[in-house]
Amino acid sequence: MKNQDIVELDDKTLSKLTSKKAEERIAAELQIAQMGDKAVDALLVALQRGAKCYHKSRRVVVGIWSALGAIFAVYIVVGLYKGWAHGNWKMLDNWSGFAGFLGAGGMAGTITQSHKNAITKILEYDDIRITGPLLEERERSDSKMRSLLEQALIRLLPRMTASHASLLNREQLACMNRALKSKNSEFVVAVLKALEQVGDDTHLEAVEGLANMSPKNPFQSTIRESAIACLPYLRQRAENAV
């Protein structure tokens, strides 16, 4: 679909999906419903827009925390000097808590309410095109939203065929690799099922690791069996890529 054919969904409309005023929520829902088949395209564009804002805010936060980290490093050096030279270790009493604060903050980014609403709304659609974007959203969402995303992906991933490979970019394929480390066994199995169709040589090492693991419970056994089933497809594509 050409860009000019996509009906835009602005952040104001998306934010109203969770408005405290019922009339605003209804109006926003109605506007999206009236888009018909174009709603998915508009929501995908909104997700892209939200992702850009997230990465921009993340860069700002990382920059701030990097500066604070530099200050913290000077603080530690001064504290060590005072401790060794004068036996005064008071400056270092709370350093570990501050270090943890720096570490957590350095990984932060901001997901706006309109972005969250776009994610929640697009989960209502059973469209295979949303699979890649959902894989990316999973990695920057909180635990509650991540659970909802995984439920949707468990439904969508096994439906992927080789013809859907073009729907996934390199980052989304990398997301699938990282998804194999999830503690949600049903989700991991769904990822492996999709990799049979759209995976490539970049997934080979991770899938081989799962196929060669020693299962400690029935869930791990299921993952191992799925990985073993997936391997021939990945190996064949790896050979064809040479």
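The values are calculated or read from the model by the stated rules, or taken from the named source; none is laboratory data. Predicted model, so just to flag it, every value in this text is computed and none were measured. A quick note on method: Cβ atoms are made from the backbone with ideal geometry, for glycine too, and the neighbour counts reach across all protein chains shown. Just the protein is used for accessible areas: all its heavy atoms, side chains included, with ligands, DNA and RNA removed. Shrake-Rupley method; radii C 1.70, N 1.55, O 1.52, S 1.80 Å.
Across the stretch 112-122, the number of residues qualifying as buried (at least 19 other Cβ atoms within 10 Å of the Cβ) and either of a type in the set (A, V, I, L, M) or assigned to a loop (DSSP other than H, G, I, E, B) (or both) comes to 3.
Specify the residue that is nearest to Ile119 (Cα to Cα); the eligible residues are those in the stretch 14-28 that are touching a Ser or Thr at 6+ places or on another chain (Cβ under 7 Å) and either in contact (Cβ under 8 Å) with a residue 60 or more places away in the chain or open to solvent by 50 Å² or more (accessible area, probe 1.4 Å) (or both). Result: Leu14. Scanning the stretch 132-180 for residues that are within 17 Å of Asn117 (Cα to Cα), part of a helix (DSSP H, G or I) and of a type in the set (Lys, Arg) yields Arg138, Lys144, Arg146. Beta carbons closer than 7 Å, at least 6 apart along the sequence or on distinct chains, pair a first residue in the stretch 146-167 that is more than 15 Å from Leu195 (Cβ to Cβ) with a second that is part of a helix (DSSP H, G or I) for Arg146/Arg138; Leu149/Leu134; Leu149/Glu137; Leu149/Arg138; Glu150/Arg138; Glu150/Phe187; Ala152/Leu134. Kindly provide the set of residues from the stretch 29-47 that are assigned to a helix (DSSP H, G or I), free of Cβ contacts under 8 Å to residues at least 40 places away in the same chain and under 15 Å from Ile130 (Cβ atoms), ordered by number. Within the stretch 29-47, Lys38, Ala42, Val45 meet the criteria. Of all residues in the stretch 191-205, those that are assigned to a helix (DSSP H, G or I) have Cβ atoms under 7 Å from Cβ atoms of residues that are open to solvent by 60 Å² or more (accessible area, probe 1.4 Å) and of a type in the set (Ser, Thr, Tyr), 6 or more apart or on another chain, in Glu196/Tyr233.
Go through the residues of the stretch 141-149 one by one and say whether even a single one is within 15 Å of the chain's Cα centre (by Cα), within 24 Å of Glu205 (Cα to Cα) and open to solvent by less than 50 Å² (accessible area, probe 1.4 Å). Within the stretch 141-149 (the criterion being within 15 Å of the chain's Cα centre (by Cα), within 24 Å of Glu205 (Cα to Cα) and open to solvent by less than 50 Å² (accessible area, probe 1.4 Å)), the answer is no, since none of the residues qualifies.
Each row is one residue, and each column tells you yes or no for (1) at positive phi; (2) open to solvent by 30 Å² or more (accessible area, probe 1.4 Å); (3) not aliphatic (A, V, I, L, M).
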| site | (1), (2), (3) |
| --- | --- |
| Ser166 | no, yes, yes |
| Val198 | no, no, no |
| Glu208 | no, yes, yes |
| Ala229 | no, yes, no |
